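The values are calculated or read from the model by the stated rules, or taken from the named source; none is laboratory data. The shown structure was predicted, so the numbers you read here are calculated from the model rather than taken from an experiment. Every residue, glycine among them, receives a Cβ derived from its backbone with ideal geometry; neighbour counts consider all protein chains shown. For the accessible areas, the whole protein counts, side chains as well, though only heavy atoms, and no ligand, DNA or RNA atoms are used. Shrake-Rupley method; radii C 1.70, N 1.55, O 1.52, S 1.80 Å.
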Amino acid sequence: MGDETMNEEEAQILEKALIELPIFQDCPRQLIHQIAQKASCRRYEALEEVVFSDQVPMLVVLSGTLRVCIGCAPDSDVGPGGVMNVSGMLGLHELAEPFKPKAGKSTNENSEDLEEPMSVDVKTMQGPLKDEVVNIYNLCPISCGVGTKQTNLSGWLRMDIKPADDQSVKVAMLTLDVIEPIMHKGEALKPFHSNLSVLTDHFICILRHGIFPGVPPEVIWLIACGCQRKHYYPRDTLVEEDDLGEAADWLIAINSGKADVEKLAYNGEEAVPQIIGTLTEGAVLGDVCFLHGMVPRGATVRAQTEVDAIAIPPSVILDALALYPGITGSFMGRLREIVMQLQGSLPRPAQALKGMQIFASCDLPFLRAVASVSERKVFFAGDACREEGVMDDTLRVIEFGRCRVERRQGGAVKHCGWCDVGTVLGERRFFNMQSNWPDASFRIATPLALLLFIPRQSFNGVLENYPSEQQRFRLVKETNKTDGGNARREHDAASLSILQGCGPGFLQAIAGCIRTVTYKIGHTITVQGAVDSGSMYIIKGGSAEIYVNHRFVKEVHSGESFGELAILGFVKRRSAVVRAKEICIVLEMPRAAFIAALEDHPEEQEHFQKIGRQHGVVVASTQWPLFEGASQKLLSLINLYARKHITAKGHWSTFNGEQLPEQAAILVLRGEMRVVTPDKGELVFTEGTCFNEQLLFGLPPLEGRLQPQGNCEVQIMTADIFDRVVLECPTERDFIMQRIVNEIARKAEQSMGFGRGDPGGALVLSTVIQVAADDFADQLRKRIDARIYEPGAVITAPRFVLVEGEAENEGDGLCHGKALPLKVGSVFGESVLLGVARTYPNRTRASTRCIALALTQDVFQQVLEEFPSHVELYNHMAMGSSQTEVGASELNVQLGKSRAFSNVSKDFLMVVCERADEVYFGPGDDIFRRGEVCKLGESLMYILLQGAAIVEGEYGDELGRLNPGDVVGEGGALGIAPIRGATVRAWRDSLVRAVRLHGSSVQRAVTAFPDEYQSLQQIFQKRASANKEVERVRQKWLQEQVIPALNTCRIFQGFPEPIIRKIAEHLLQATYTCVSDAVSDGIIWHPLTCCFQSSGAVQQYHKRVKSSSIRHGPAEILDLLSISISMPVYDLCPFCTRARMIFGLKKIPHRLIFMSYDDVETPSALIGKKLAPILHLHGQDPFPESLDIIKRVDEDARWGPPLLQKASGREDLKLFEKNHWPLMRLLIHTRFVHAYMPDLTFQSAREYFVAQHPVQGPNGEERPHQDEWRSWDQAKRFSWYQQNLQRSDKELIPKLNEDLKEAEDLIFQEDSVSPGGVGYDDVIFFCRVRYLPLILGLKPGPKLEVSLALFVPHGGQVVCTAGNGADSMIIFLKGEADVYTKSGDLIGRLSDGAVIGEIAVLGLFPWRTATIRATSNSDAVLITANLISRILQGDDASAARQRFDQLCSERRSQVEAGMPLCILPFNVSVKDVVARAVALHAIRYSFNTGDVFVPKVQAQGPHYWVMVSGSMNLMMGSRHIMLFSSGSILPEHIAFEYGASIHAATVCEVPTVGTRKTMEDMVKPQNTKRKRKGSCRSMVF
């Protein structure tokens, strides 16, 4: 008992024990040696009790054995090298004290910071997932009800420690006082304390979560030393549903964070993960009671937030149970409950005996007799089911749980192995043979085990009654052969109906892989709609329920099976939910084993195909995507030679560990495969996809690591197998090789970001294809082949898109200098495809191995024939373009026509144009952007061949327009301009075709011709000087007109002068003309004049750039049709005029949608052909035909009684049209292309119109036939139009004036052509004469002139249209305009200084509230909301931004209050639409007492003031007229007419509608020294 010394052997034992302790991890070994040398020793005598506490040092057994007993469990021995009471040395008993159990109290009473760690939504509890909630309890039994669960334990489980066998025990003792100084001296204290901190944290976590309540701290410390800290990020998986084996036995306790419990469940269509609950801090995943019980996880747990957790490996728990089996006392109550459930679920004893090889061939009556004398016994951890040295002839079968095999050597217990479920113990001794485990003990290793016992004496008694069985067992003794302690499953396999008739070799191969799985109550064995591993199941014990579509179908019991069609591969998705009704023990037959056995026994394939035919299943060959379309013979050969395998989970090997070949093409039949490559990252291959197919073409396979996600089923085809297949099908070789190349190209497209299902794939990189419909692009992609080009090969036609590799543009073969590199995604030959060029001018050579998509003109035309709507689209693109080549010789002519290069030599231009290639830009695409750095030799320049482009400033403000023939970007390409000064963008009406001139060619020209370059620099310098003069004039215009106009604008009042100037710098002048000025030699065009609202092809293209979700179709126009009445029209169409007249005559509110005249797509999508007008009544299908529309609208009672008189059938009207319409048409049509027409806004629309409407020759030639007219080039057609326009004044207009005299006799009276009032005669007559006001010099008679005034709206260009979207405001600098309502009523007039659209830029209402039409030549500026927003974001604009935000807030509150109408005595609701509309436009002003206001003429017409608060006096000179108080209305224009002035009598608030010249200029303070007490508030409208 006193101090003793250690001998050398004991010192080694101590040092070795210390080294293995986790607290000394990473500590130098020499320091541990020093600690061992400092340890003291003592001896515990027999029967002396060892007590652990914080005052007792750590003990290490040096000799002898300590016997430990916890609770009532069996003893365990700790021999030499065993370490005890580490927790006492560290003082952890005191830390553990708060967690000591108290009888009748909650298990976590002292963990006050832990709330209920599990929650389930009420909807889940009551919805279709209610049956799945039990899986949360199966998953977390320790946590369920943790806040209410009580314990019978009082304090720690009793732990008795004494020397064993009445022998003394020598121990070494260590304290922290010995360890820490040595560690400190050796500078190892930090890792030591770090280890202590981590392990102590684990220790506290286990106690806090109540995982092992009542277990002494010494044992908790042992478990804590084996824990692992885990950190999960959102969406990380903590546990996976159906994890089995060791992965399912880990205990995971959540320290912080939240996690979702997801259960695979049927949603009516398929099985998808659905959230059934939430776990939070304190939740413990796992069930220690079922440790090593082959119980799968019941659900998936995925981190919702970041989650911190500790994880306890099952091996740590098994080791703790082996040393301290008494820890089962902490959950013994639940163990006993499980025993009761298991005993009813285990197979009957006779079935268990049938699974033993020695009984497999016995008759069933004999087995039942043996079963009657057998006994099923329950054991807990540490119990010995067979003791060493005890002569016992009983046969034992492990039915549940696990046993340790132990032997004693030199006083110590040695672990020799494991015995699992199905193991038969003692069978050799049972038959008087030499045992494989002589002198060994079998001790229960898991918390729970059930064994079947068969006493030998009872067995012999039964055997005597069955003489036939005696001979069988006599043979067993003679051959000295048993099954070696393993159960066999052949009889289970043979009992299945689908396997009956199969050979013994096949059955044996399958039986070796059958495993026993235990499912808890409520656990789903299969899920309807799930694609899983395809296993088949045989119930051995317990029962399960089958549900289809959430409805109970039946129960299945012991001996029944399910999943036959899944294992045979006839179905991929489960057809039903199978849920355990009680603890259910099943035999799982993996599909992997079935496939492997079938590969080894191909003679059985016919057997299963026959079963498939019996079930009505067509057993088809597996389809590789690259062999689609191949013959049945080839597919059958592939399935014959290419083997199928099911991989191990997460490993590229079979389920039995056989490594699978990587140098092969691989088809994924089931599951998901990931390949981690060094260059392409992680690639995912799902069911039905293949990879490494390039190996079959002779190309190298993917480099990377193959990672099956779960048990994947794959088919593997090596190059040898492929050659063998192709050799037997030689006629299909070329077809198959092309299919392989196409598949390789598809993979290349996926690497570019195009999914396999994306319409068109990489073809949409071509702008020509982008503008087409999805279906059109998809059909093209399906019909084209790919080509592979080796390095150095010339990439010949046809080729379209480069999807892999790098190539070079070598020009025409005569070019000098370095070739231009081409990267993945480069597009070639679009003009050849469209037929506007015969050949692609440049030679392209592969630098690396290249793959290109080859789209031929034949394929393009074939698909085009299937899409009639696209014929017009692409004809429209090519309209006016003969087959134009873009070689250097042709381009230098075009380039020489530009202003910049007009005086440059042809040799210089030839070099510049070397390697030039075509490029197309879609509507809205950037050609280049403002601010891009330019560099000689790198920057590009372009020549526009077709289409138009716009030039934009910094904030998207439009600076100009570029047309075909213009050169773009020459300053940057020549290195003269350091940066791009503006953004050049393709205009939105159609494609832009351009020639791209490369910087390297420009640099070679500059180097070779320095004099030419100097000349160019001089030209640009002159241009710069001219631009300076233009800028000077512009600055004067800004200073004298724009900035004063901005300063008078209410929205900018209070803005600092620098901000006002910054806004002004980005503004351009817009000019609007009246109709009489509409005809000129040029085209009147400005964005402000465009009232084009159609979706159609034009807007489809423009929207395509911004949204990949809308690729084609009338989506936008259908949005416009959502109001009650909408009508897409062409403004120039006389038939549309007819339909529009009935709405005007009956004053029916409606929306006109002006389609671009070249818009074929929209009317075709709506009614199937290009026709207008098209009436759409909300909720009904669109329908055409003008007279039908008129009749339907006129006779509809919703819009009053019929108005129109029936057609009279007058022959004189018909004769007038026949005789004079051709001349009117000629004069009108030649003016359409120059006048402002909303449907001819775009150049492409005008070109289309001219192509569709032939005119007579300028010298009187007869009007050509339509086909002949269209065959002419565009220039000739326009030339005829222009010449006819020029000869109008002298020849044609005088003749028409004479003809129109006849109209006077036709018109009955001014408002109707025929007697009886307006009718169909008027509709037909005036649709023709409506356009006559376009003709200058026209002199209609008095009746016709009055009629035109009545029926034809006059006015100038439309500034904006009511109902159109608005994101800008317009300030009139000079001129006048009329204001119309949406229904066409004239309501006011605007003059200089008027402002339109303030509410749009304030973000209050993004629509135009009125139509504005110029009545005189007017100048205006457009200010977009984007421009204001961008400028206000600047650091110098904080004050202006605050003022702007305040104005927005005030206006919103004004609208919410309905000011000013709601303060008037009209009983108007604040929700009244009119009140809110007036409030949108009303502007609030405040006055101080004594302020004087002098009324003036307003730019936006008469204004009305409403007194919101205060009072004002109306004065004429010094005479008081009247007093206006709150709620009064004051007409400002009347006060102005009489010369009155308004004086604020008190502080007032007045709101006004409309923008006026600065109210502050009109208000004259009378007493500037008066102290201001508030603001005088009024509103004017």
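For Val714, the accessible area of its heavy atoms, probed at 1.4 Å with every protein chain present, is near 0 square angstrom. For the pair Arg1061/Glu1262, report the inter-label distance in nm, with labels modelled 7 Å from Cα in the Cβ direction. So the two model labels end up 7.0 nm from each other. As an equivalent ellipsoid, the chain spans semi-axes of 87, 45, 36 angstrom, where each value is the square root of five times an eigenvalue of the C-alpha gyration tensor, largest first. Compute the angle between helix 314-323 and the longest alpha-carbon principal axis of the chain, please, reported from 0 to 90 degrees and rounded to the nearest 10. Once rounded, the angle reads 20 degrees. Our compactness index for region 1-41, the C-alpha radius of gyration over the empirical 2.2 N^0.38 Å, is 1.19. Extension gain for Ser468 to His550 (0.36 nm times residue separation, less C-alpha to C-alpha distance): 24.4 nm.
For Val801, the residues whose modelled amide H falls within less than 5 Å of its own, excluding neighbours fewer than 5 places apart on the same chain, are Phe828, Leu853, Leu855.
With the simple spin-label model, which puts each label point 7 Å out from Cα in the Cβ direction, the Glu1211 to Asp1305 separation comes to 1.4 nm.
At 0.36 nm per residue, and after removing the present C-alpha to C-alpha distance, how many nm does the segment from Ser361 to Glu658 gain when stretched out fully? Spell out each step's value before the answer.
Working: separation 297, 0.36 × 297 = 106.92 nm, distance 3.25 nm.
Stretched fully, the Ser361-Glu658 segment lengthens by 103.7 nm.
Considering only beta bridges that DSSP places wholly inside the chain, some 95 percent are antiparallel. Projection of the Cα convex hull of region 1369-1462, averaged over all directions and equal to a quarter of that hull's surface, yields 7.3 nm². Remark on region 671-811: Rg and Dmax equal 16.7, 54 Å (Cα only). Counted residue by residue at 0.36 nm each, then reduced by the alpha carbon distance between them, the extension gain from Ser497 to Trp1221 reaches 251.7 nm. Amide H to amide H, with H built 1.01 Å from N, Leu959 comes under 5 Å of Val951, Glu952, Gly953, counting only residues 5 or more places away or on other chains. A quarter of the convex hull surface defined by the alpha-carbon atoms of region 1138-1235 gives 8.3 nm² as the mean projection. In order along region 89-98, phi translates into HN-Hα couplings of 4, 8, x, 8, 4, 5, 5, 7, 4, x Hz, rounded to whole numbers, per the Karplus curve 6.51 cos²θ - 1.76 cosθ + 1.60 with θ = phi - 60° and x for Gly and Pro.
Quick check: with the 1.4 Å probe, what order do Val1250, Val51 take by accessible area, largest first?
Val51, Val1250
Its residues counted as N, region 658-751 yields a C-alpha radius of gyration over 2.2 N^0.38 Å of 1.09.
Mind ranking Ser497, Ser535 by accessible surface for me, highest first, 1.4 Å probe? Before the final figure, lay out each step's value.
On the way: Ser497 85, Ser535 0 Å².
In descending accessible area the options line up as Ser497, Ser535.
Mind pulling the angle between the C-alpha long axis of helix 189-209 and the longest principal axis of the chain? Nearest 10 degrees, somewhere in 0 to 90. Its long axis makes an angle of about 90 degrees. At an R0 of 45 angstrom, the distance between the Cβ atoms of Ser1449 and Ser256 translates into a FRET efficiency of 0.60. Peptide packing for 1263-1275, 338-350 was compared via the average number of neighbouring C-beta atoms within 10 Å per residue; ordered from the highest value, the list is 338-350, 1263-1275. Entry comment: accessible area of the chain is 43 Å² per residue, from protein heavy atoms only and a probe of 1.4 Å. Here region 1269-1422 is described by how far its Cα atoms reach on the three principal axes: 54, 50, 30 Å, from widest to narrowest. Largest to smallest in accessible area, the residues Lys1022, Lys633 fall in the order Lys1022, Lys633 (1.4 Å probe, all protein chains included).
The base-10 log of I(q)/I(0) for region 172-279, evaluated at q = 0.10, 0.12, 0.18 Å⁻¹, reads -0.49, -0.64, -1.06 [Debye formula, identical scatterers on Cα atoms, solvent excluded]. Here the 3J(HN,Hα) profile of region 1290-1298, calculated from phi with Karplus coefficients 6.51, -1.76 and 1.60 at θ = phi - 60°, is 7, 10, 8, 5, x, 5, 5, 4, 5 Hz, Gly and Pro shown as x.
Could you order the peptides 683-689, 752-758 from most to least packed, using the average number of other C-beta atoms within 10 Å per residue?
Answer by packing, highest mean first, reads 683-689, 752-758.
Spacing of the modelled spin labels on Leu959 and Asp1385, each 7 Å from Cα toward Cβ, amounts to 4.6 nm. Each Cα pair under 8 Å and six or more residues apart adds its sequence gap; the mean of these over the residue count of the chain is a relative contact order of 5 percent. The C-alpha atoms of the chain define a longest principal axis, and helix 733-751 lies at about 80 degrees to it. Let's test the formula: R0 of 60 Å, r as the Cβ-Cβ distance of Thr5 and Gln457. What FRET efficiency results, to the nearest 0.05? Once rounded, the FRET efficiency stands at 0.60. What is the calculated FRET efficiency for Val676 to Arg408, with r their C-beta to C-beta distance and R₀ = 60 Å, to the nearest 0.05? Result of the calculation: an efficiency of 0.75. Accessible area per residue was computed with a 1.4 Å probe on protein heavy atoms; Asp1311 scores about 80 Å². Per-residue surface analysis assigns Ser1279 an accessible area of about 40 Å², computed on protein heavy atoms at 1.4 Å probe radius.
Charged neighbours of Ile1335, selected by a Cβ distance under 11 Å, balance to +1 (K, R count +1; D, E count -1).
Derived value for region 508-586: Kirkwood hydrodynamic radius 12.7 Å. Basis is the mean of 1/r over every pair of different alpha-carbon atoms.
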